[in-house]
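The structure under discussion appears below in the form of structure tokens.
The values are calculated or read from the model by the stated rules, or taken from the named source; none is laboratory data. On a predicted model such as this, the values are computed, not experimentally measured, just so you know. Every residue, glycine among them, receives a Cβ derived from its backbone with ideal geometry; neighbour counts consider all protein chains shown. Note: accessible area is taken over every heavy atom of the protein model, side chains too, but ligands, DNA and RNA are not part of it. Shrake-Rupley method; radii C 1.70, N 1.55, O 1.52, S 1.80 Å.
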Amino acid sequence: MSPEPAHHGSAALHEGRAPASGPATEPGEPVRARPDVSAAAVPSLPVPEVFAALDGAPRGLTPAEAAARQARYGPNDLPAVGRVRLWPRLAAQFTDLFAVVLLVASAITFLAYALEQPRDPATLQLAFAILGVVLLNAGIGFAQEYSAERTAQSLQAMVPHACRVLRDGERQELPARDLVPADVVVLEAGDAVPADCRLVEAQELAVNNAALTGESDAVARVADPVPQGPLLEARNCVFMGTDVVAGTGKAVVFATGAATEFGRIFRLTAAAPRQKTPLQQQVAAMARRVAGVALATGAILFAVRVPSGQPFVDTFVFSLGVMVALVPEGLPATLSVSLAIGVRRMARRHALVKQLLAVEALGSTSVVCTDKTGTLTQAEMTVVQLWADGVAHAVAGVGYAPVGEVTDAGPVRELLRAAALCCDARLVPPSGPHGWCVLGDTTEGALLVAAAKAGLDTAAEEARTPRVAEHPFDSVRKLMSTVHRDPDGTYVAYVKGAPLELLARCDAVDRTGTPVPLTEASRAEVVAAADGLAGQGLRVLAVARRRVAGPRPPLEDVESRLTLLGLAGMYDPPRPEVRDAVDACQRAGIRIVMVTGDHPLTAEAVARRVGIVRGPDPTVVTGAALDALDDGGLDALLAGSAELLLCRVSPEHKMRVVTALQRRGEVVAVTGDGANDAPALKHADIGVAMGASGTDVAREAAVMVLMDDSFASITTAVGLGRSVYRNIRKFLIYLFSHNIAELVPILAATFAGFPLVPITAVQILAIDLGSDVLPALALGAEPMEKDVMDSPPRPRRERLFSTAVIGRILFLGGIQALGVCAVFFWHIHASGIPYAHFTKSDPVYREAITMVQAGIVVSQFFNALAGRTDRQSVFRAGLLSNPWLIGAGCFGIALMAAISYAPPLQAVFNTAPLAPADWAVLAGFGALLLAAEESRKWVLRHRRTLPKGGKR
Ligand code: ATP
């Protein structure tokens, strides 16, 4: 793999702006219709001249022009972030603490061999074995880290990045990488700016340039020419990598890819340093501690054995070998692999996790704050009822096909006309395999469909009364308004939005075409009608109108003293998979808080449909009520009813609720789709953005992106996160327990005064790096256990090495240690030879140490099988259901058999052939371990179910 991309396309208006090196302006010339134009001059040109300079047009490029430019300038891409560099990574494997300890140990052993008189080939073997450990370990670690990192990168690349472009007068959605200079892009709040562009239209547009300037305040942007100055300060330009935080606009692209300002900075900045997740830090800390114990053990053994008359060098080499054997070498790398497997599994289930960190946080999620539309529902809006002048009108048909009738359409035509004119979305007729669909906001799409069903031709209406100004929708005002020029030259504003917000700005209501002042009674009538629609779970929009004096009235004038035209209620079916996911969350002790901008009654009806609300009295709180609460009040609210719906809230409320929940010690996942949701997404433990419908800004701020937008995918990801954590615990227990089985016989023999070791350092290395590596990896890849979602979330502060985990390590390791001590001393004693007469070459000794090694290998196989489940019986989970583990275990036993029977290996390991009866004894001992572990789980299951179930 080449560390640099073959080519990253880019284009600049003027070669002076191109990066100093690289193919920024290749393969063609810079876009330059007028030789005297440079990018720095773009801000000062009037709009028509910008188009002329770029050889573009306000209606965009034709497909042929776009294709030609694409061929000429290549894609609008930057080289992949933080590309993995091979050599430094490989070198790092040799400079970490363990590697250094082992290298030093190997060097000392070589030295000991050189000084020894007479020289013992076993010392040389050990020296090479330790060196082999370092190399193997570095190789495995490197391969694992590399693949884990590649996974993370490829996932990042999957996060969709699209933009809206005018091509040949038609608005289209394109992958941002297909943009070319002179393309006209359509921008709105929440978009990431896809290239460097000059604005040609801007309505209340504001951008956040933090990525370029570090300044995180929103800055207003305009379309008018500005005096020439530093390009980044030009108020009529927007730049790649920055975000649109408010308003709408159109802009023409003047630089793409590496030629953009962002591209230039990007080339200068090194890849961000990799951060270790807390879990990785915990494991590294534990591994360091164990290494400390290993060092101490080596030192103690040395100190005990030297005075007992053992040869000095021999004892030194032996102690060093034990120490090396106890160092948990491959642990951190196995951990990365386990996390990466989790990430890959989540991606397969529609949840893209951008950081390994999120995997473990996901597993401990205790509260999910979720949106409604699109996450719990399908976001396929259909207007089913209209209300105008006190009368309800049904609308037939489902989906976006404009087929269906509006009952008695006459009185609602003006309502629908106003609603349709006040929309940015477009209804797209069927093409190819796709049916009718909506480009843009689905709420608006539903209004366009209803208008079409009533026989209105929106395009003709737009031509007759063209839009001259607009105030885009935002989720704080919950309103959108547009100003139009009527054929008679007067101006009219149309406003649509959340009913209560809009009603508050109305002073009249339309009665058969005439505005009649709103009275208390008629207001109450409208509120009752809106409540009636919302109570059926419909999203309700109100529509109003007013005459305005000129083409650009200020917002306060447009959105006040309005005449209400009526209401539209739209149905958005719940996602079928959500109910089960909600059930799973409830079983798993995860609280779901619905946070929506919608009407309380709509929210409650939908919450009931999907099972979030089951009791008679959910707590429903509006954004206004939240504002009235101080922090103490908010804490009390969150500590109260489990069924909590927050309605008519704005993104700021979301942020406040997330912070308050975290204050209570909760691990909070929060969904968001708009630009304003970014702070809450960043602040939450797990920010979840929508891949299909969300904005770029939300996707950038989140650590998890749902490709299907569904709440069910959050639940699946939480389950997988829990499972990853469990798997990590499983292989840690597996790996650490065998250390006990290795250490205890050595200590026992030393203290019993036996002159030799029951297991040699080379044998221990064969276990650690031969038979144990694969089962540990297989445990790290265990499929999700069925009961992962049956217990409450793990406490936030729970350590990976909890008392329970250490208890299990001691329990399993203790049984193994007892077993191997028993076989060793039984063999030695059965021979009747006194301790002092044993030599290394004694056949009984060789057989005994072979039994010890085989005993550990066989019992580790059973240990791995037993460790597959936490509480469930492995027989219920299917003893053989992880074929990788079975394969890995068989490999270990085959390796042990080779060490026992193959003469060259016998020479290296000082082993002897075992009899079939010996294997039978070891298998029986392994079965005992399994039985002990099954009994422990049985006790655990029954102890835990007693208080809940009451009976066994
Ligand atoms: P949800 O939880 O359902 O996803 P939300 O929190 O995203 O909702 P918003 O999109 O902020 O809610 O909408 C809040 C209210 O604003 C809606 O109930 C609706 O009445 C109104 N609204 C939504 N979209 C538009 C629009 N395009 N134009 C005008 N008003 C809108």
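Can you pull out the helices (runs of 4 or more DSSP H) entirely within the stretch 582-673 that have at least 1 residues that are away from the ligand (no atom under 16 Å from the Cβ)? Output list reads 623-628, 631-639, 651-663. Checked against the criterion of being open to solvent by less than 60 Å² (accessible area, probe 1.4 Å) and hydrophobic (A, V, I, L, M, F, W, C), the candidates Leu638, Leu601 yield just one match: Leu638. Among the residues of the stretch 798-811, some residue qualifies, meaning at least one is open to solvent by 10 Å² or more (accessible area, probe 1.4 Å), of a type in the set (Lys, Arg) and in contact with a helix residue (DSSP H, G or I) (Cβ under 6 Å, 6 or more places away or on another chain). Of all residues in the stretch 106-135, those that are over 18 Å from Thr760 (Cα atoms) have Cβ atoms under 8 Å from Cβ atoms of residues that are at pLDDT 85 or above and among the aliphatic types (A, V, I, L, M), 6 or more apart or on another chain, in Val134/Leu103. Across the stretch 674-687, the number of residues qualifying as of a type in the set (A, V, I, L, M) and more than 13 Å from the ligand (Cβ to nearest atom) comes to 4. Within the stretch 652-673, does at least one residue satisfy the condition of being more than 19 Å from Val367 (Cα to Cα) and touching a residue at least 12 places away in the same chain (Cβ under 8 Å)? Looking through the stretch 652-673, none of the residues is more than 19 Å from Val367 (Cα to Cα) and touching a residue at least 12 places away in the same chain (Cβ under 8 Å).
Do we have Ala460 as open to solvent by 30 Å² or more (accessible area, probe 1.4 Å), part of a helix (DSSP H, G or I) and either free of Cβ contacts under 8 Å to residues at least 60 places away in the same chain or more than 16 Å from the ligand (Cβ to nearest atom) (or both) here? So Ala460 fits the description; yes. Taking (1) within 12 Å of the ligand (Cβ to nearest atom); (2) free of Cβ contacts under 8 Å to residues at least 40 places away in the same chain; (3) basic (Lys, Arg) in turn, Arg539 satisfies each apart from (2). Checked across the stretch 742-755, the condition of being under 37 Å from the mean Cα position of the chain (by Cα), in a helix (DSSP H, G or I) and in the same structural domain as Phe302 (by TED's automatic domain parsing) holds for no residue. Residues in the stretch 425-442 that are part of a strand (DSSP E or B), within 16 Å of the ligand (Cβ to nearest atom) and at pLDDT 85 or above: 3 in all. One residue alone among Val773, Val757 is surrounded by fewer than 24 Cβ atoms within 10 Å (Cβ to Cβ), β-branched (Val, Ile, Thr) and touching a Gly at 6+ places or on another chain (Cβ under 8 Å), and that residue is Val773.
Of all the numbered requirements in (1) of a type in the set (A, V, I, L, M, F, W, C); (2) in the same structural domain as Val395 (by TED's automatic domain parsing); (3) open to solvent by less than 10 Å² (accessible area, probe 1.4 Å), Leu541 misses one, and that requirement is (3).
If you filter the stretch 494-530 down to residues that are small (Gly, Ala, Ser) and over 15 Å from Ala388 (Cβ atoms), you find that the one that is farthest from the ligand (Cβ to nearest atom) is Ala521.
I'd like the residue in the stretch 463-493 that is in contact (Cβ under 8 Å) with a residue 40 or more places away in the chain and farther than 22 Å from Val186 by Cα and, out of all such residues, is farthest from the ligand (Cβ to nearest atom). Checking each candidate, the answer is Thr490.
Residues that are part of a strand (DSSP E or B) and open to solvent by 20 Å² or more (accessible area, probe 1.4 Å) were ranked within the stretch 167-199; the one that is nearest to Gly674 (Cα to Cα) is Glu188. Do we find that Arg547 is more than 43 Å from the chain's Cα centre (by Cα), charged (D, E, K, R) and outside any helix (DSSP H, G or I) in this structure? The answer is yes for Arg547. Within the stretch 861-893, being open to solvent by 20 Å² or more (accessible area, probe 1.4 Å), part of a helix (DSSP H, G or I) and either closer than 18 Å to Leu777 by Cα or of a type in the set (S, T, N, Q) (or both) holds for Phe861, Phe862, Pro883, Trp884, Ile886, Gly887, Cys890, Phe891, Ile893.
Within the stretch 213-231, is there a residue that is outside any strand (DSSP E or B), in contact (Cβ under 8 Å) with a residue 12 or more places away in the chain and more than 19 Å from Val42 (Cα to Cα)? Within the stretch 213-231, one or more residues are outside any strand (DSSP E or B), in contact (Cβ under 8 Å) with a residue 12 or more places away in the chain and more than 19 Å from Val42 (Cα to Cα).
Within the stretch 402-445, take every residue that is open to solvent by 70 Å² or more (accessible area, probe 1.4 Å), of a type in the set (D, E, K, R) and free of Cβ contacts under 8 Å to residues at least 40 places away in the same chain and give me the one that is farthest from Gly597 (Cα to Cα). Ranking the candidates gives Asp408 first. Just one of the listed residues (Val540, Val527, Val476) is on the phi < 0 side of the Ramachandran plot and in contact with a strand residue (DSSP E or B) (Cβ under 8 Å, 6 or more places away or on another chain), and it is Val540. Taking Leu565, is it outside any strand (DSSP E or B), within 14 Å of the ligand (Cβ to nearest atom), touching a residue at least 60 places away in the same chain (Cβ under 8 Å) and closer than 25 Å to Thr373 by Cβ? No, not satisfied.
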